[in-house]
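Have a look at the structure below before the remarks.
The values are calculated or read from the model by the stated rules, or taken from the named source; none is laboratory data. Note that the structure is predicted; figures quoted are calculated from it, not measured. Every residue, glycine among them, receives a Cβ derived from its backbone with ideal geometry; neighbour counts consider all protein chains shown.
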Amino acid sequence: MSDAPTPAAPPTRPGAITNRAALPVNRLGIWALVTGIFSLFLPPVGAGAIILGVFSLRRLRQNPGRERGQGVAIGGIVAGTVGVLMAGIYAIMAYSAFASVSQAKVMRMQANLDAIHTRAEAYARRHDKYPVHMGELAIASKGPFSVNHRLTAFDKDEQVPVTVGDYDLADFDGTAAETERLRAALAAVDADETCYRFGNAWFARLGKPTKDGDIIFAWHRQPETDLVLLMMDDGSVKSADAATWPRRLATDAQARLRHGLPPLDAPDPFVE
């Protein structure tokens, strides 16, 4: 039988509990797990679960033998990470949906401006000039100017009335009385202005068609994309932002000079 002395037990940290099962669970770890589980239903709080879990693990490493709950803290971090990933996926889905709606509005506006340009050209073939105000197309045309149609197809969400002066085209029903009222409103239009607002769009007064792709026929600012959609007089479509809008106007001014037209006195669409 060996007489070798039994090795002494390692010293315990003051205040440490040797029975691990009796150790209290770290509260930060518990909160990390609770928050992580909650983040599965409300993903943005997942970041909080990760932070709480990391602080819990740090405290456990700094104070060994005083608390337990490493698995709880790790569970909170894992659940929080899942929550953060879900939040990212939801954000991408929301952005895609928003972009689709914005694109649909841009396409709808483009279709409406294109229809108005087509009808204005048809008007010009009969009268050898564009109408002084596009509201004149309501008397002889259909499509966007059909009976009882508020030209809020420009932006159906905003429901902006389409008017000629004080006359709301929603009242136009094609009868002789309403036609006379509309004609009176058109007669009062200030034809000296180089542009005017009609519904949610602005239209330039050009006189005769120029078929010039540098001359602006109409434009509309898209609030969702912060871009201006431009319908040019040749029927092409262009766009401009706050930086390129002045260049578009400069190109338009040069083209107007070639055709003997006055400069376009357009308001800045990016100034509220």
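Brief remarks follow.
- Residues of the stretch 258-272 that turn out to be of a type in the set (Asp, Glu) and touching a residue at least 24 places away in the same chain (Cβ under 8 Å), as a count: 1
- Residues within the stretch 160-204 that are small (Gly, Ala, Ser), more than 20 Å from Pro267 (Cβ to Cβ) and surrounded by fewer than 17 Cβ atoms within 10 Å (Cβ to Cβ), tallied: 7
- Test: residue in the stretch 45-52 that is at pLDDT below 90, β-branched (Val, Ile, Thr) and outside any helix (DSSP H, G or I): no
- Given (1) free of Cβ contacts under 8 Å to residues at least 24 places away in the same chain; (2) surrounded by 15 or more Cβ atoms within 10 Å (Cβ to Cβ); (3) of a type outside the set (S, T, N, Q), number of the condition Ala255 does not satisfy: (1)
- Residues that are at pLDDT 85 or above and part of a loop (DSSP other than H, G, I, E, B), drawn from the stretch 126-166: Asp128, Lys129, Tyr130, Pro131, Val132, His133, Gly165, Asp166
- Screening Glu180 against (1) in a helix (DSSP H, G or I); (2) under 29 Å from Gly260 (Cα atoms); (3) at pLDDT 90 or above leaves a single unmet condition, (2).
- Cross-chain or 6+ apart pairs with Cβ under 8 Å, the stretch 26-51 first and outside the structural domain of Ile77 (by TED's automatic domain parsing), then part of a helix (DSSP H, G or I) and among the hydrophobic types (A, V, I, L, M, F, W, C): none
- When the stretch 156-201 is limited to residues that are among the hydrophobic types (A, V, I, L, M, F, W, C) and touching a His at 6+ places or on another chain (Cβ under 7 Å), the one that is nearest to Gly235 (Cα to Cα) turns out to be Ala201.
- The condition of being over 28 Å from Asp166 (Cα atoms) and at pLDDT below 95 holds for only one of Val228, Val237, Val189, that being Val237.
- Contacts under 6 angstrom Cβ, first residue in the stretch 225-243 being β-branched (Val, Ile, Thr), partner assigned to a loop (DSSP other than H, G, I, E, B), 6 or more apart: Val228/Pro269
Results for (1) part of a strand (DSSP E or B); (2) under 19 Å from the mean Cα position of the chain (by Cα); (3) surrounded by 16 or more Cβ atoms within 10 Å (Cβ to Cβ), shown as yes or no for each residue.
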{"site": "Leu206", "(1), (2), (3)": "no, no, yes"}
{"site": "His220", "(1), (2), (3)": "yes, yes, yes"}
{"site": "Met231", "(1), (2), (3)": "yes, no, yes"}
{"site": "Arg248", "(1), (2), (3)": "no, no, yes"}
